[in-house]
Structure formats: structure tokens, C-alpha cells
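Each remark here refers to the structure printed beneath this line.
The values are calculated or read from the model by the stated rules, or taken from the named source; none is laboratory data. Since we're looking at a predicted model, the values are computed, not measured. Neighbour counts run over all protein chains shown; Cβ positions are idealised from the backbone, glycine included. Surface accessibility is based on the protein's heavy atoms, side chains included, excluding ligands, DNA and RNA. Shrake-Rupley method; radii C 1.70, N 1.55, O 1.52, S 1.80 Å.
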Amino acid sequence: MVQSVDNFKTKCTLIQIGASLLINWGMINSGIALGFPSVAVPPLLGSGPGLHASVSEASWVAGLSFASAPVAALMAGPLIDSIGRRWSLQLLNVTFAAGWLLIAVFPLSLLALYAGRLLTGFGMGLVASTAASYTAEIASVSLRTVLVNFIPIMMAAGVFLSYLGAFLYQESWSEVSWFGFGISVMSLVLTPLLPESPLWLLSRGRAEEALQALQRLRAATAPEQVKEELDSFSSRASDKQQTTSWLSTFHNLRQPQAYKPLLFINAFFIFVQGSGVLILISYAVNFSQIAQLDVQAYQVSLAIAVMRVVATLLTSWVCNRYGKRGPALFFGSVTAVSIGVLAATVYPFFTLPYWMITTVVLVYVLSCCVCFSSIPWSMLGEIFPTNVRGIANGLTTSIAFIESVFMVKLYPEAVLSFGAFPVFSFFSVCSLLGTVFLYYFLPETHGKTLKEIEEYFTGSRVSAVSR
């Protein structure tokens with residue numbers, strides 16, 4: 001009997017892990033798209049064979065994805081609430097596939113490169129909201145902390161693959177584009193195997209389909225095995241039938257369980273941008289050179305990508321063991337100190353040996369990616385109530401991408417105009433202020449049901465999400 005129960009739990013866990021991996025498969029493409037400027041810009045500006053472009057044209061190749069992503073993110077909310085999580089996944093898979101195919105098939109066309117970057121940027125905007133909502137809604141309480149971290153894990157893996165492509169194919173971007181296309185096609189083929197979100201089905205009045213979906217996700221052979229969990233979903237969905245009208249959406253966003261987490265997460269993302277984490281992705285080689293590691297800048301950028309992957313895996317483990325608040329405060333403090341040390345070395349107030357600077361850079365990468373990348377992105381699917389989860393995720397993602405455009409554009413000009421010391425010091429101060437902000441406002445979501453998190457923001461159950 002004990003063995004039978006253990007087998008049931010194991011099967012249930014494996015099904016949820018497999019479903020979450022497939023749901024977040026598109027995040028690999030998002031990571032590749034984020035790191036793609038490192039692949040395409042050097043050969044565009046180089047003297048080797050193939051397509052060449054001016055500095056202005058190359059900057060458009062780097063920035064067009066960030067231009068289309070906010071638009072897609074705004075559309076993502078109403079879209080996933082209207083057609084469902086699974087069909088939204090299929091739509092973003094098609095978008096990614098079309099974008100990568102254009103770039104791969106027409107390597108000598110600048111217009112095709114522009115169009116492909118716009119399409120992959122559109123996919124970036126869609127995937128974050130879709131994956132966050134879908135993953136949080138299919139995960140059991142005991143596994144949710146681990147599974148929502150698949151979002152930054154898969155994105156970090158994509159960034160690493162992009163940097164690896166830049167290192168291996170320094171005069172071509174077609175190989176990386178074909179790889180992205182292959183990932184998109186694989187997801188297109190496998191996504192229909194996923195069950196739709198039971199919570200979304202209940203919100204549309206499709207109770208029987210919701211029961212069947214939940215049984216598949218929990219490896220249940222009888223409805224009685226998932227009755228309690230389904231009832232907890234139903235109690236929230238019964239009076240929260242989702243609609244796509246802007247009037248009803250605006251009314252729902254005025255509720256404290258909606259606007260409080262919306263204000264919190266967007267304030268958090270302001271500190272995310274100020275910490276410099278996006279600069280690590282977009283300007284890894286340049287960042288390494290400014291940090292006095294120019295001799296082996298490309299190798300250090302690869303090490304940065306590897307450390308990002310390590311950081312996301314570490315986030316999953318440490319948050320599952322200790323919750324989110326403790327790790328966020330610890331790694332936020334380490335981020336502020338490490339980038340502060342780097343600021344002091346570039347002034348320079350003091351000099352450090354090459355190996356020590358490398359160590360400080362990698363510590364900064366690890367801590368910054370845990371506190372100011374993995375944790376905020378993993379929270380997107382947890383903190384919003386069902387009736388606004390789609391639109392709130394989309395709005396938050398859109399604002400984050402708009403902020404990213406400014407950071408990506410301003411960073412090189414700021415370094416050129418003011419030097420590295422004030423820029424790195426700014427990152428350090430923002431990291432410190434962000435850590436203080438998290439100390440006062442970050443709720444503990446680990447081990448809590450989505451309903452308990454919602455009750456925390458309404459104030460009806462203050463102790464549900466303790467600090």
C-alpha cells in the first residue's frame with residue numbers, strides 16, 4: 001500500500017515536471033532572442049563574408065525585439081484569458097518559428113533580419129505571461145516554487161546557447177537561427193499533448209473538462225482523488241467568471257488583491273533594471289571589458305552565461321528549501337556589495353589581481369540573477385488572482401520590456417559620457433535600495449496556495465503569507 005502511494009506521488013510529480021518543461025520550452029527561444037545581438041552584430045559590423053550593415057542598422061537589429069515585445073506583452077493578457085493558455089502557447093510557437101525561419105533562410109537580407117527580430121520579439125512578449133500563468137495554475141502547492149523557476153532557468157539556458165553560438169560561429173547567425181526554429185517546431189508538435197489549465201477551464205464554466213485536465217495532471221484514476229483540490233479552484237472561479245471587456249478588467253484591477261501585487265511587482269522590476277542584470281545579458285562582452293577583463297572577454301561572457309544558468313538552478317533549490325524572502329535579501333545584499341567592489345576597482349580606488357576581479361564579477365552575476373532576475377520572474381504566475389492574472393502579467397511584462405529598452409540604449413552612452421565608476425555605483429545603490437524594498441514588501445509565497453496569497457493582499461488573512 002505504501003509503495004502504491006509512493007508510485008502515485010512519483011508519477012504525479014513527473015507529469016507536472018514534464019508539463020512545466022514543455023510549457024516553458026518557449027523561454028529557451030526567448031533567451032536565444034535576448035542574446036542574439038551577440039551572435040548577429042559582430043559579423044554585421046565585421047569584414048568577413050556575408051551581410052554587412054552600418055552601426056545604426058546593426059543597432060536596429062539589436063533593438064527591434066525590444067520594440068515589439070511590449071506590444072505583444074500587452075496583448076498577451078487578454079489573449080490568454082480569451083483563448084486559453086494552451087492555444088496561446090501554440091500562437092507564440094508559430095511566431096517564434098516564423099521569425100527564426102526568416103532569419104535562417106534569408107541570411108543576406110537585412111529586411112528579413114529586421115522582420116525576424118520583430119517576430120521573435122513578439123514571441124518574447126507573449127511567452128513570459130503565458131508560461132508564468134500556465135505553470136502556476138497546473139502546479140500543486142508542494143511543487144509550485146520549483147516549477148515556476150523553470151521560467152528563468154529555461155531563459156538562462158537560451159542565453160547561454162546564444163553566447164555559445166556567438167563563440168562557435170563568429171561569422172554567421174544562420175546556425176543559431178535554425179536551432180531556434182527547431183525548438184519552435186518541437187514545441188508546436190508537443191504542446192497539443194498538454195492539458196489546458198483547470199483553473200482557466202473552470203473560469204469559463206467548463207467544469208467537466210477541468211476535472212479531466214486535473215486528473216491528467218495529478219495522475220488520478222478517479223475524480224475523488226482530486227475532488228478537494230478541484231473544489232478549492234471552484235470556490236474562486238464560481239464568482240470570478242473571466243470576461244474580456246476592458247470595463248470588467250478595470251473593475252477587477254481596482255480590487256486590493258489585484259492592484260497591490262501589481263504595484264509591488266512593477267516596483268520590484270524598477271530595481272531589477274537598476275541592478276544592471278539586463279546589461280549582463282545584452283552587453284556581456286562589453287561589461288567584461290569595462291570590468292578590466294578585456295583580455296579574455298569572450299570567455300568571461302561564456303562564464304557569465306554559465307553562471308546565469310547556475311543561478312536559476314540555485315534559485316529553484318534555495319527557494320524551495322528556505323522560501324523566497326531569505327534568499328532574496330541575502331543575494332540582494334551580495335549584489336550591492338559585489339558591484340560596489342567592481343565600481344571601486346574601475347575608478348580605481350584600489351587594484352585587484354585578474355583572478356579576483358573575475359571572481360567578483362561572477363559573484364555579482366550569481367547574486368544579481370538570483371535576486372533580481374529569477375525571483376521576480378518566477379513570482380509572476382503566483383501573486384495575481386485568476387481573473388486578472390493574464391492582463392496583469394501582460395501589463396507587468398510590457399512595462400518591464402519598455403524599461404529594458406531604455407536601459408539597453410542608455411548604458412553605452414552613460415559609460416561613454418560619465419565613465420564606468422558612476423554607472424557601476426548606480427547599480428550598487430539600486431541593488432541596495434531594492435534589497436531594502438524587498439525587506440519591507442516582499443511576501444513569502446513558498447508553501448502557500450494561490451488562494452492564501454490572494455487573501456494576504458486583501459488583508460483578510462495576514463498570516464497566510466508570513467514574512
| note | So, with points 7 Å from each Cα along the Cβ direction, the Leu263-Gln90 label distance in nm works out to 4.1
| How far, in degrees from 0 to 90, does helix 227-237 lean away from the longest principal axis of the Cα atoms of the chain, to the nearest 10? | 70
| With all protein chains present and a 1.4 Å probe, how do Glu171, Glu444 order by accessible area, largest first? | Glu171, Glu444
| said: On C-alpha positions alone, give me the angle between the axis of helix 55-83 and the longest principal axis of the chain, in degrees, nearest 10. | reply: 0
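Note down the magnitude of the dipole of the chain about its Cα centre, charges +1 on Lys and Arg C-beta and -1 on Asp and Glu C-beta and zero elsewhere, to the nearest 20 debye.
Roughly 660 debye for the chain.
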| said: Please give the Cα centre distance for segment 320-354 versus segment 145-173, rounded to the nearest Å. | reply: 23
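Given a Förster distance of 60 Å, report the FRET efficiency between Trp317 and Ser47 from their Cβ-Cβ distance, rounded to the nearest 0.05.
Taking R0 as 60 Å, the efficiency between Trp317 and Ser47 is 0.85.
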| request: Send over the Kirkwood Rh of segment 386-467, from the inverse of the averaged 1/r over different Cα pairs, rounded to one decimal Å. | output: 15.8
| said: Along its three principal axes, how long is segment 134-201 when you only count alpha carbons? Whole Å, largest extent first please. | reply: 47, 25, 13
| Within the chain, which is the longest segment containing none of the chymotrypsin sites (Phe, Trp or Tyr not before Pro) that sit in a DSSP loop and have at most 10 other Cβ atoms within 10 Å? | 1-348
| So what's the angle, to the nearest 10 degrees on a 0 to 90 scale, between helix 85-105 and the longest Cα principal axis of the chain? | 20
| message | For segment 97-125 and segment 30-59, what is the centre-to-centre distance using only Cα atoms, to the nearest Å? | response | 13
| said: For a quick check of understanding: with a 1.4 angstrom probe and all protein chains in place, what accessible area in square angstrom does Lys11 have, to the nearest ten? | reply: 120
| task | Report the full-extension gain for the segment Val405 to Val55: residue separation times 0.36 nm, less the Cα-Cα distance, to one decimal in nm. | result | 124.3 nm
| query | What is the diffusion coefficient of the chain in µm²/s, taking the Kirkwood radius over Cα pairs and the Stokes-Einstein relation at 37 °C with a viscosity of 0.692 mPa s? | reply | 145
| How much of Arg325 can a 1.4 Å solvent probe reach, expressed as accessible area in Å² and rounded to 10? | 20
| field | Simple spin-label estimate for Ile270 and Phe418 in nanometres, 7 Å along Cα-Cβ | value | 1.7
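Shape call for segment 9-164 from the C-alpha gyration tensor, a ≥ b ≥ c root eigenvalues: rounded (a/c under 1.5), prolate (a/b greater than b/c) or oblate? Walk me through the numbers on the way to the answer.
Details: a/c = 2.83, a/b = 1.99, b/c = 1.43.
Prolate, because a/c is 1.5 or more and a/b exceeds b/c.
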| How many nm separate the modelled label positions at Trp178 and Leu433, each set 7 Å beyond the Cα in the direction of the Cβ? | 4.8
| message | How large is the accessible surface of Leu111 in square angstrom, using a 1.4 angstrom probe and rounding to the nearest 10? | response | 130
| remark: Per the helix-only model, the chain has a calculated mean residue ellipticity at 222 nm (DSSP H runs of ≥4, -39500 (n - 2.57) each, divided over all residues, rounded to the nearest 500) of -26000 deg cm²/dmol
| task | Please find the FRET efficiency linking Arg206 to Ile15, where r is the Cβ-Cβ separation and R0 is fixed at 22 Å, and quote it to the nearest 0.05. | result | 0.60
| query | Just going by the charge dipole of the chain, with Lys and Arg at +1 and Asp and Glu at -1 on Cβ, which of Ile357, Leu442, Leu34 is farthest out on the positive end? | reply | Leu442
| request: Report the extension gain between Val306 and Gln225 in nm, rounded to one decimal, defined as 0.36 nm multiplied by the number of residues separating them, less their alpha carbon distance. | output: 25.0 nm
